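Asker: Just passing along the structure, written as C-alpha cells.
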Amino acid sequence: MAAATAGLVTFAQLEQLPDPPGGRYELHHGELIHVAPPKQRHNRIQHRLLRIFWALNTPRFEVAMELGFRSDPEHDYRIADVALISRQRFDRIELDDNLHGAVEVDAVFGDVE
C-alpha cells in the first residue's frame, strides 16, 4: 500500500486496491481518501434529497444516488451521494464506467476521515 500512496495516485492504481475495512476509497486530486460508511442521518438526508429531486420530474435531468464520477480522468474519482445530471450525459455513461466530468448538481454530505 505504501507504494500506491507515494506521490499522486492514479485512477488505474485506485482500481487495483481492495476496499479498506469499514468504508471505501475516493481519489481527490491524486490523494487517496478513506470514506467511512454512512450512518442513518446520512441515509435519511440522502433519501429526502432524492424525493425532492424526483418531485421536480423534469425530462431533461436524471437523479442518481451513489454516482461515481471522474472530474479529472487520471487523478480524481468521487461518489456523489445524490447527483442531478442532464439526461443526455447520463445516457452516454457506459454501463461499466463512470461519469467523466463533474455532475451538474452534487449533494455530498457527511464526514470524510
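Asker: Measure nothing fancy, just the Cα-based angle from helix 40-56's long axis to the longest principal axis of the chain, in degrees from 0 to 90, nearest 10.
Answerer: 40 degrees
Asker: Per residue of region 62-74, in order, report the coupling 6.51 cos²θ - 1.76 cosθ + 1.60 (Karplus, θ = phi - 60°) as ³J(HN,Hα) in whole Hz, putting x for Gly and Pro.
Answerer: 10, 9, 10, 10, 6, 8, x, 9, 10, 5, 10, x, 8
Asker: So, one more: I'd like the GluC sites (Glu not before Pro) in region 48-99 restricted to DSSP loop residues with at most 10 other Cβ atoms within 10 Å, sorted by number.
Answerer: Listed in order of number, the matching sites are 94.
Asker: Please report 77, 25 as a ranked list, fewest other C-beta atoms within 10 angstrom at the top and most at the bottom. Intermediate values should be presented prior to the final figure.
Answerer: Details: 77 22, 25 15.
So the residues, fewest neighbours to most, are 25, 77.
Asker: Between (1) 28.0, 73; (2) 14.9, 47; (3) 13.7, 43, which matches Rg and Dmax of the Cα atoms in Å calculated for the structure shown?
Answerer: Read-out from the structure maps to (2).
Asker: A follow-up question, please. Explain nothing, just compute: Karplus ³J(HN,Hα) = 6.51 cos²θ - 1.76 cosθ + 1.60, θ = phi - 60°, for every residue of region 25-33 in order, whole Hz, x for Gly and Pro.
Answerer: Ordered by residue, 3J(HN,Hα) equals 9, 10, 10, 10, 6, x, 9, 6, 10 Hz.
Asker: Still on this structure, please answer the following. Counting only C-alpha contacts under 8 Å and six or more residues apart, can you give the relative contact order of region 1-83 as a whole percent?
Answerer: Details: 103 pairs, mean separation 25.9, N = 83.
With pairs under 8 Å counted, the relative contact order is 31 percent.
Asker: Helix-only estimate, please: 222 nm mean residue ellipticity of the chain, summing -39500 (n - 2.57) across DSSP H runs of length 4 or more and dividing by its residues, to the nearest 500. Show your work: numbers first, answer last.
Answerer: Details: 4 runs with 33 residues, N = 113.
Taken over the chain, the calculation gives -8000 deg cm²/dmol.
Asker: At residue 10 and residue 41, where each label point lies 7 Å from the Cα along Cα→Cβ, what is the point-to-point distance in nanometres?
Answerer: Taking the simple label geometry, residue 10 and residue 41 are separated by 4.0 nm.
Asker: Place +1 on the Cβ of every Lys and Arg and -1 on the Cβ of every Asp and Glu in region 2-107, take the dipole about the Cα centre, and give the residue among 68, 20, 52 whose Cα lies farthest towards its positive end.
Answerer: The residue sitting most towards the positive pole is 52.
Asker: Right, something else. Treat every Asp and Glu Cβ in region 2-107 as -1 and every Lys and Arg Cβ as +1, leave all other atoms uncharged, and give the resulting dipole magnitude about the Cα centre to the nearest 20 debye.
Answerer: Details: 12 positive and 16 negative charges, 142 e Å.
Dipole about the Cα centre, nearest 20: 680 debye.
Every read-out reported here was derived from the displayed coordinates using simple, explicitly stated rules and does not represent laboratory data. As the structure is a prediction and not an experimental result, all values here were calculated from the model. Backbone-built Cβ (ideal geometry, glycine too); neighbour counts: all protein chains shown.
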